[in-house]
Amino acid sequence: DGGITQSPKYLFRKEGQNVTLSCEQNLNHDAMYWYRQDPGQGLRLIYYSQIVNDFQKGDIAEGYSVSREKKESFPLTVTSAQKNPTAFYLCASRSRGNYYTGELFFGEGSRLTVL
Amino acid sequence: DQQVKQNSPSLSVQEGRISILNCDYTNSMFDYFLWYKKYPAEGPTFLISISSIKDKNEDGRFTVFLNKSAKHLSLHIVPSQPGDSAVYFCAASGRTNAGKSTFGDGTTLTVKP
């Protein structure tokens, strides 16, 4: 089955530690995205990548970093510079043929809690 | 400045009745709109979309209406079912937006049996 796999589903981190969230897709999609969701709020874009070895900052990129070395993979690192990292993180992808009209396909999310 | 707004955080309707979820946007460059449905602790899933060249799109029980002059869209669910209980997000994108989607804060729909 094609889809997006995020891991881990739940993650606890001590303050000052970096943590990396994994996102893998087998949909052959060119574009991949990372969103953050806080309670009662919508999805805010952290980073996105339209093609391998290229990515752009979204609306709330500070304290985060990404890489796109393979088409299938778009890991997100939450660094110690992110002041309020506790949130639900969602990875998504979209076909390049439907660049802005096509729907986003989402993973099941990763819940990060900073202790 | 929030470019996509869903002003009702929650909505409760009786099973079998109509559910109407509303969404307003401010950026006139948006020309494609999508609705997503989300259950707790899961990722959103696509529901229905509409292009700005249309004013209505229908898919089974779900219909989306777009009023460009008012920068307003609405999602109608008829008849509503308990399984429709979820958070509904409105999202907008445009050719000048580099393929990014801007989301509203969501409306939690509860359908009572």
Margin query: Regarding the range B:61-68, can at least one residue be identified that is within 14 Å of another protein chain (Cβ to nearest Cβ) and among the hydroxyl-bearing types (Ser, Thr, Tyr)?
Written below: no
Next item on the list: State all residues of the range B:8-22 that are more than 17 Å from B:Val64 (Cβ to Cβ) and open to solvent by 40 Å² or more (accessible area, probe 1.4 Å); if no residue qualifies, say none.
Entry: B:Pro9, B:Ser10, B:Ser12, B:Gln14, B:Glu15, B:Gly16, B:Arg17
Notebook entry, point to check: Out of curiosity, is A:Leu21 at pLDDT 95 or above and open to solvent by less than 50 Å² (accessible area, probe 1.4 Å)?
Noted result: yes
Margin query: Step by step: first the residues of the range A:67-82, then only those that are in a strand (DSSP E or B) and open to solvent by 20 Å² or more (accessible area, probe 1.4 Å), then the one that is farthest from B:Gln2 (Cα to Cα). Which residue is that?
Written below: A:Lys70
Item checked: Members of the range B:23-53 found to be open to solvent by 60 Å² or more (accessible area, probe 1.4 Å), of a type in the set (A, V, I, L, M) and without any contact (Cβ under 8 Å) to a residue 60 or more places away in the chain, listed by number -> B:Ile53
Checklist line | Residue selected from the range B:16-61 under the condition touching a helix residue (DSSP H, G or I) at 6+ places or on another chain (Cβ under 9 Å) and not acidic (Asp, Glu), by the criterion farthest from B:Gly104 (Cα to Cα) | finding: B:Arg61
Notebook entry, point to check: Could you count how many residues in the range B:54-103 are open to solvent by less than 10 Å² (accessible area, probe 1.4 Å), at pLDDT 95 or above and assigned to a loop (DSSP other than H, G, I, E, B)?
Noted result: 1
Check: All but one of (1) among the acidic types (Asp, Glu); (2) closer than 17 Å to A:Leu43 by Cα; (3) in contact with an Asp or Glu (Cβ under 8 Å, 6 or more places away or on another chain) hold for A:Glu103; which doesn't?
Finding: (3)
Next item on the list: Please tell me if A:Thr101 is β-branched (Val, Ile, Thr), on the phi < 0 side of the Ramachandran plot and part of a loop (DSSP other than H, G, I, E, B).
Entry: yes
Next item on the list: Scan the range A:44-57 for residues that are over 11 Å from the mean Cα position of the chain (by Cα) and either open to solvent by less than 20 Å² (accessible area, probe 1.4 Å) or without any contact (Cβ under 8 Å) to a residue 12 or more places away in the chain (or both) and jot them down.
Entry: A:Gln56, A:Lys57
Checklist line | Where a residue in the range B:55-79 is on the phi > 0 side of the Ramachandran plot and its partner, wherever it lies, is of a type in the set (Ser, Thr, Tyr), with Cβ under 6 Å and at least six apart | finding: B:Lys71/B:Tyr25
Item checked: From the options B:Ser51, B:Ser69, B:Ser80, B:Ser74, residue that is of a type in the set (S, T, N, Q), over 12 Å from the mean Cα position of the chain (by Cα) and within 20 Å of A:Thr101 (Cα to Cα) -> B:Ser51
Next item on the list: Assess whether A:Asp30 counts as being within 13 Å of chain B (Cβ to nearest Cβ) and without any contact (Cβ under 8 Å) to a residue 24 or more places away in the chain.
Entry: no
Check: A:Arg111 passes all but one of (1) surrounded by 15 or more Cβ atoms within 10 Å (Cβ to Cβ); (2) free of Cβ contacts under 8 Å to residues at least 60 places away in the same chain; (3) more than 11 Å from the chain's Cα centre (by Cα); (4) in a strand (DSSP E or B); which number fails?
Finding: (2)
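The values are calculated or read from the model by the stated rules, or taken from the named source; none is laboratory data. Everything numeric here is computed off the predicted structure, so don't read it as measured data. Glycine also receives a Cβ, built like all others from the backbone with ideal geometry; neighbour counts cover every protein chain displayed. When the accessible area is computed, the model is the full protein with side chains, heavy atoms only, and any ligands, DNA or RNA have been set aside. Shrake-Rupley method; radii C 1.70, N 1.55, O 1.52, S 1.80 Å.
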